[in-house]
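Read the structure below first, then the notes.
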């Protein structure tokens with residue numbers, strides 16, 4: 001199980017470093033309904049990662065990841081190849097669209113509507129951002145493949161995916177912790193975090209996508225050769 005946890009770490013960190021969900025959480029915490037919407041968003045995020053992961057674990061377990069010789073099935077390496085290429089393409093796209101000094105950073109239109117959000121809408125938005133976001137789906141599939149390849153019991157798979165979900169939640173949970181525990185200083189810190197994330201996280205995300213994509217490609221090429 002320890003090897004599986006080590007294998008999922010890069011993918012879980014990739015989900016955790018999601019700029020717009022983190023900035024979205026910050027925006028929510030600067031509105032009059034900060035606490036109920038913040039907790040609802042956090043719950044929706046956890047639910048989205050957990051549900052998406054469970055679905056892929058069930059599918060991959062059903063397909064089977066080992067051949068007759070208990071070696072990883074060939075399709076698992078093709079999956080890693082496809083995921084690695086997808087991450088490299090996303091890395092290039094992120095890098096090309098990174099903001100430069102002096103550029104105005106544009107935010108998604110849904111952020112302008114956060115002032116009027118209810119807890120139910122906050123849950124729904126978080127589920128969409130965690131479980132439907134293409135970048136996150138790639139990481140979730142990659143993490144699920146690692147868990148299934150480890151050939152664990154169902155109980156151990158649940159534990160490993162719980163660890164994945166916990167790590168994947170650190171990014172959106174951090175602003176809420178700042179809001180709850182830093183009192184009057186929270187607003188200034190959250191504003192600074194929002195600005196930094198919006199300005200720098202595209203470049204950070206590009207590097208992370210590149211590193212994980214290259215690792216997946218290396219694993220795939222090694223297995224297929």
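With respect to the conditions (1) touching a residue at least 40 places away in the same chain (Cβ under 8 Å); (2) more than 21 Å from the chain's Cα centre (by Cα); (3) assigned to a helix (DSSP H, G or I), residue 185 lacks only one, and its number is (1).
Against the conditions (1) in contact (Cβ under 8 Å) with a residue 40 or more places away in the chain; (2) part of a helix (DSSP H, G or I); (3) over 30 Å from residue 36 (Cα atoms); (4) more than 17 Å from the chain's Cα centre (by Cα), residue 190 satisfies every one except (3).
Among the numbered conditions (1) buried (at least 18 other Cβ atoms within 10 Å of the Cβ); (2) under 18 Å from residue 2 (Cβ atoms), the only one that residue 169 does not meet is (2). Look at residue 53 and say whether it is within 22 Å of residue 196 (Cα to Cα), at pLDDT 85 or above and assigned to a helix (DSSP H, G or I). Judged against the criteria, residue 53 is not a match.
Kindly check whether there is at least one residue in segment 196-215 that is without any contact (Cβ under 8 Å) to a residue 12 or more places away in the chain and either in contact with a strand residue (DSSP E or B) (Cβ under 8 Å, 6 or more places away or on another chain) or more than 30 Å from residue 77 (Cα to Cα) (or both). Before the answer, list the steps.
Applying the first criterion (without any contact (Cβ under 8 Å) to a residue 12 or more places away in the chain) to segment 196-215 yields 196, 200.
Then drop every residue that is not either in contact with a strand residue (DSSP E or B) (Cβ under 8 Å, 6 or more places away or on another chain) or more than 30 Å from residue 77 (Cα to Cα) (or both), which leaves 196, 200.
Scanning segment 196-215, I find at least one residue that is without any contact (Cβ under 8 Å) to a residue 12 or more places away in the chain and either in contact with a strand residue (DSSP E or B) (Cβ under 8 Å, 6 or more places away or on another chain) or more than 30 Å from residue 77 (Cα to Cα) (or both), so the answer is yes.
Inside segment 191-205, residues that are modelled with pLDDT under 75 and surrounded by 17 or more Cβ atoms within 10 Å (Cβ to Cβ) make up a count of 3.
Can you tell me which residue among 72, 19 is under 18 Å from residue 167 (Cα atoms), surrounded by 14 or more Cβ atoms within 10 Å (Cβ to Cβ) and modelled with pLDDT under 85?
Details: 72 fails: under 18 Å from residue 167 (Cα atoms).
Answer to the selection: 19.
The values are calculated or read from the model by the stated rules, or taken from the named source; none is laboratory data. Note that this is a predicted model, so its numbers are computed, not measured. Counting neighbours? That spans all protein chains shown, and the Cβs are built from the backbone with ideal geometry, glycine included.
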